[in-house]
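K.L.:
Handing you this structure, nothing more for now.
The values are calculated or read from the model by the stated rules, or taken from the named source; none is laboratory data. Given the structure is predicted, the values throughout are model-derived calculations rather than measurements. Because the Cβ atoms are built from the backbone with ideal geometry, glycine has one as well, and the counts that use them run over all protein chains shown.
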Amino acid sequence: MIVDGTAILILIGSFLFLVALRFPIAYAVALASVLTLLYQGLPLTTVAQQMVNGISSFSLMAVPFFITMGYIMGKGGISEKLIALANACVGWMRGGMAMVNIVASYFFGGISGSAAADTASLGSIMIPMMVDQGYDDDFSTAVTITSSVEGLLVPPSHNMVIYATSAGGLSVGALFLAGYIPAAILAVTLMIGAYIFSVRRKYPKGDKFNLLNLLKQIAISFWALAAVLIVVVGVVGGIFTPTESAAIAVVYSLIVSVFIYKGLDWKGVWKVLDQAIDTLSIVLILIATSSIFGFLLTRLNVPTLAANAILGLTESPILLALLLNIILLVLGMIMDMAPIILIATPILLPIATSIGLSPIQFGIMIILNCGIGLLTPPVGSVLFIGSAVGKVSIERVVKATLPFYLLMIFTLILVTFIPAISLFLPSLFN
Amino acid sequence: MRAFFHFADRIKPFYDIIDKTILVICKVMLILVIAITTMAVTGRYVSFVPDPAWSEEIVLTFMAYIAVLSAALAIRRRSHIRMTAFDRVLPKKLIWALDLIADVAVMILGFIMIFVGWQYAQRLGSRGTYVSIPSLSRFWMYFPVPLAGVAMVIFEIEALYNSARKLFFSEEEAK
């Protein structure tokens with residue numbers, strides 16, 4: 001294997017340098033690639049070729065569809081219905097509203113797939129409700145932002161589609177199934193933490209459990225939750241590809257939001273598309289430019305070199321797995337989710353598989369790590385949104401979130417060292 | 001100099017029109033992409049709904065156009081993901097200078113994309129056509145790259161203009 005150290009240094013060094021200079025990451029990736037192509041004497045037309053190849057993937061088409069579906073459902077008035085459903089399930093417990101917040105995030109995550117959307121949408125309803133009932137505002141915000149990470153793991157998640165493609169074409173259906181149990185464990189862990197706080201701080205219980213009310217709320221929320229069923233059953237059952245199921249789900253969510261829940265009119269739908277385009281403007285170009293970067297990483301054998309270097313540090317798979325988590329957590333603290341998945345997957349996945357981690361399990365680890373990163377300063381977009389929605393200073397939110405960070409790390413460790421948590425459902429459905 | 005900026009500000013409505021037009025084009029393309037894909041899937045199960053062979057290639061081409069055009073809008077709105085972790089501790093003038101450098105570099109990248117993208121699109125366009133639509137040149141599949149370059153340059157000119165403007169106007173006046 002011929003190693004061109006200078007080219008690797010130019011590629012990775014210039015990328016990091018440009019990112020440090022506050023260049024937009026999508027263009028820092030492209031510029032670093034252009035510099036490397038120039039150094040290696042390769043034609044610059046590679047930029048055009050790789051950009052179009054990167055974006056011309058039918059599986060990646062699911063990304064804009066899921067994003068659009070999330071916005072339509074989010075604005076279509078389903079938040080209140082999902083909160084009512086969660087309230088009927090767990091509102092009777094001590095600290096009922098905190099539990100409702102956590103469970104509603106599980107349901108909502110299945111629809112939006114975005115922690116930021118979850119925090120903005122559920123948080124704006126849940127935090128004032130919790131504060132009115134006597135919960136501390138910083139605690140309410142901490143519960144809202146930490147539970148929003150469930151949404152990244154509960155399918156359908158556009159980040160899972162990006163990972164599946166970055167990992168070289170994994171089964172999106174298997175990844176979707178893999179997310180359910182880790183998200184449920186995260187929810188239960190957070191609920192235990194919230195319960196302990198609620199008992200200590202004497203937060204109130206909600207209304208008594210009422211089976212009839214639960215059935216009624218299930219019936220009301222059925223139309224919204226059916227969108228998730230269309231995607232997951234369609235993909236896992238082999239009826240649709242992820243992209244096809246996502247397109248069908250967009251049309252379905254439109255029908256539910258406009259005609260059944262009546263939370264949106266056609267003018268509202270047109271406006272919602274503005275928001276969808278806003279998000280797509282960031283994600284799609286990143287996918288396009290990252291493919292040039294990925295092409296050069298592979299050409300320069302960087303994944304193999306990185307794997308050898310890290311595997312040379314220790315032979316212990318446990319330490320290596322922990323090291324992978326630390327790398328991802330640090331990246332998550334300073335970068336956003338999509339660039340990490342697109343840039344780190346080709347480098348770290350070979351290391352993960354060499355220590356026996358399944359690519360599916362590693363995908364769940366990446367998403368959970370990035371999810372935790374979204375809540376941590378200095379670049380925690382969900383932390384900032386939570387702080388703004390809850391009207392609580394970032395310092396106070398971080399302080400209140402500290403115990404929840406530990407619970408999330410605990411879940412991460414479980415996901416890392418117990419493969420069955422991620423792989424049981426995919427293996428069950430083969 | 002302030003008088004020059006007051007005069008040059010007249011171009012802002014023109015940029016607003018470009019912005020709105022691009023946004024509408026992206027939204028229409030997104031609707032078409034969703035409609036075509038849904039139609040193709042439905043067509044597999046429902047006999048009277050067409051399932052055209054061209055659906056996948058056309059949808060992917062539209063996607064490429066949405067990606068590059070919307071990315072240009074993100075330049076204008078400053079919404080591209082960037083490292084802003086240390087913004088609170090960095091002096092404002094340094095952030096201004098760094099933004100300026102980034103804008104110049106992205107503009108250069110825009111020119112590179114125009115040049116190499118056009119070369120590549122033409123070369124490929126002369127060689128082949130879409131598999132499902134033999135009458136349509138593959139030029140249109142790669143045309144989004146030079147188009148992205150053009151859109152990037154247009155919006156970077158505005159970004160550089162706004163940066164220069166900040167030198168002569170206070171923050172309040174600049175708004």
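K.L.:
Among the numbered criteria (1) buried (at least 24 other Cβ atoms within 10 Å of the Cβ); (2) more than 14 Å from chain B (Cβ to nearest Cβ), which one does A:Met408 miss?
P.N.:
A:Met408 satisfies every listed condition except (1).
K.L.:
Can you name the residue in region A:325-357 that is touching a residue at least 60 places away in the same chain (Cβ under 8 Å) and away from every other protein chain (no Cβ under 14 Å) and is also surrounded by the most Cβ atoms within 10 Å (Cβ to Cβ) among such residues?
P.N.:
Initially, region A:325-357 is screened for residues touching a residue at least 60 places away in the same chain (Cβ under 8 Å), giving A:325, A:335-339, A:341-343, A:345-346, A:349, A:357.
Add one more test, that the residue is away from every other protein chain (no Cβ under 14 Å), and what stays is A:325, A:345-346, A:349, A:357.
On the way: A:Asn325: 20, A:Thr345: 25, A:Pro346: 20, A:Leu349: 23, A:Leu357: 23.
Per the stated criteria, the residue is A:Thr345.
K.L.:
If you don't mind, another one. Could you name every one of the helices (runs of 4 or more DSSP H) located completely within region A:157-276 that has at least 2 residues being under 18 Å from B:Leu30 (Cβ atoms)? Even if it seems obvious, please write down each step before you answer.
P.N.:
Details: elements: A:158-166, A:172-201, A:211-236, A:242-255.
Qualifying helices (runs of 4 or more DSSP H): A:158-166, A:242-255.
K.L.:
Checking A:Gly173 against (1) of a type in the set (Gly, Ala, Ser); (2) in contact with a Pro (Cβ under 8 Å, 6 or more places away or on another chain); (3) at pLDDT 90 or above, which single condition isn't satisfied?
P.N.:
(3)
K.L.:
Which one is modelled with the lowest pLDDT, of the residues in region B:109-135 that are more than 16 Å from A:Met51 (Cα to Cα) and surrounded by 16 or more Cβ atoms within 10 Å (Cβ to Cβ)?
P.N.:
By that ranking, first place goes to B:Gly125.
K.L.:
Of a type in the set (Gly, Ala, Ser), modelled with pLDDT under 80, surrounded by fewer than 24 Cβ atoms within 10 Å (Cβ to Cβ) and at positive phi: does that describe A:Gly77? Please lay out each step first, then the result.
P.N.:
Details: of a type in the set (Gly, Ala, Ser): yes; modelled with pLDDT under 80: yes; surrounded by fewer than 24 Cβ atoms within 10 Å (Cβ to Cβ): yes; at positive phi: yes.
Here the answer is yes, as A:Gly77 does meet what is asked.
K.L.:
Could you name every one of the helices (runs of 4 or more DSSP H) located completely within region A:1-85 that has at least 1 residues being more than 14 Å from chain B (Cβ to nearest Cβ)? Full working, then the answer.
P.N.:
Values: elements: A:5-8, A:14-20, A:25-40, A:45-55, A:62-75.
Output list reads A:5-8, A:25-40, A:62-75.
K.L.:
Looking only at residues that are surrounded by 24 or more Cβ atoms within 10 Å (Cβ to Cβ) and polar (S, T, N, Q) in region A:36-74, which one is nearest to B:Ala67 (Cα to Cα)?
P.N.:
Checking each candidate, the answer is A:Thr68.
K.L.:
Let me ask something additional. Working carefully through the options A:Ser105, A:Ser33, find the one that is buried (at least 24 other Cβ atoms within 10 Å of the Cβ), over 25 Å from the mean Cα position of the chain (by Cα) and on the phi < 0 side of the Ramachandran plot. If you could, list the steps in order and put the result at the bottom.
P.N.:
On the way: A:Ser105 fails: over 25 Å from the mean Cα position of the chain (by Cα).
Testing whether each residue is buried (at least 24 other Cβ atoms within 10 Å of the Cβ), over 25 Å from the mean Cα position of the chain (by Cα) and on the phi < 0 side of the Ramachandran plot leaves just A:Ser33.
Results for (1) at pLDDT below 85; (2) closer than 21 Å to A:Phe240 by Cβ, shown as yes or no for each residue.
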{"site": "A:Gln50", "(1), (2)": "no, no"}
{"site": "A:Ser57", "(1), (2)": "yes, yes"}
{"site": "A:Leu60", "(1), (2)": "yes, yes"}
{"site": "A:Phe65", "(1), (2)": "no, yes"}
{"site": "A:Ile72", "(1), (2)": "no, yes"}
{"site": "A:Leu82", "(1), (2)": "yes, no"}
{"site": "A:Asn87", "(1), (2)": "no, no"}
{"site": "A:Arg94", "(1), (2)": "no, no"}
{"site": "A:Gly110", "(1), (2)": "yes, yes"}
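K.L.:
For B:Phe169, only one of the following conditions fails: (1) more than 10 Å from chain A (Cβ to nearest Cβ); (2) closer than 27 Å to A:Ala20 by Cα; (3) among the hydrophobic types (A, V, I, L, M, F, W, C). What is its number?
P.N.:
The number of the failed condition is (2).
K.L.:
Hey, among B:Ala35, B:Ala67, B:Ala40, which residue is buried (at least 23 other Cβ atoms within 10 Å of the Cβ) and either touching a helix residue (DSSP H, G or I) at 6+ places or on another chain (Cβ under 9 Å) or facing chain A (nearest Cβ under 10 Å) (or both)? Explain how you work it out, then say what you get.
P.N.:
Values: B:Ala35 fails: buried (at least 23 other Cβ atoms within 10 Å of the Cβ); B:Ala40 fails: buried (at least 23 other Cβ atoms within 10 Å of the Cβ).
Checking each option against the conditions leaves just B:Ala67.
K.L.:
A further question on this structure: Confirm whether B:Met83 is part of a loop (DSSP other than H, G, I, E, B), without any contact (Cβ under 8 Å) to a residue 40 or more places away in the chain, aliphatic (A, V, I, L, M) and surrounded by 14 or more Cβ atoms within 10 Å (Cβ to Cβ).
P.N.:
On the way: part of a loop (DSSP other than H, G, I, E, B): yes; without any contact (Cβ under 8 Å) to a residue 40 or more places away in the chain: yes; aliphatic (A, V, I, L, M): yes; surrounded by 14 or more Cβ atoms within 10 Å (Cβ to Cβ): yes.
Criteria met by B:Met83.
K.L.:
Let me ask something else about it. Looking for whichever is in contact with a Gly (Cβ under 9 Å, 6 or more places away or on another chain), away from chain B (no Cβ under 14 Å) and modelled with pLDDT of 85 or more here; the options are A:Leu264, A:Leu254. Which one fits? So that I can check it myself, show each step before the final result.
P.N.:
Numbers: A:Leu254 fails: away from chain B (no Cβ under 14 Å).
The unique qualifying residue is A:Leu264.
K.L.:
Here is a further query. Return the residues of region B:96-116 that are facing another protein chain (nearest Cβ under 9 Å) and touching a Ser or Thr at 6+ places or on another chain (Cβ under 9 Å); say none if nothing qualifies.
P.N.:
Result: B:Asp99, B:Val116.
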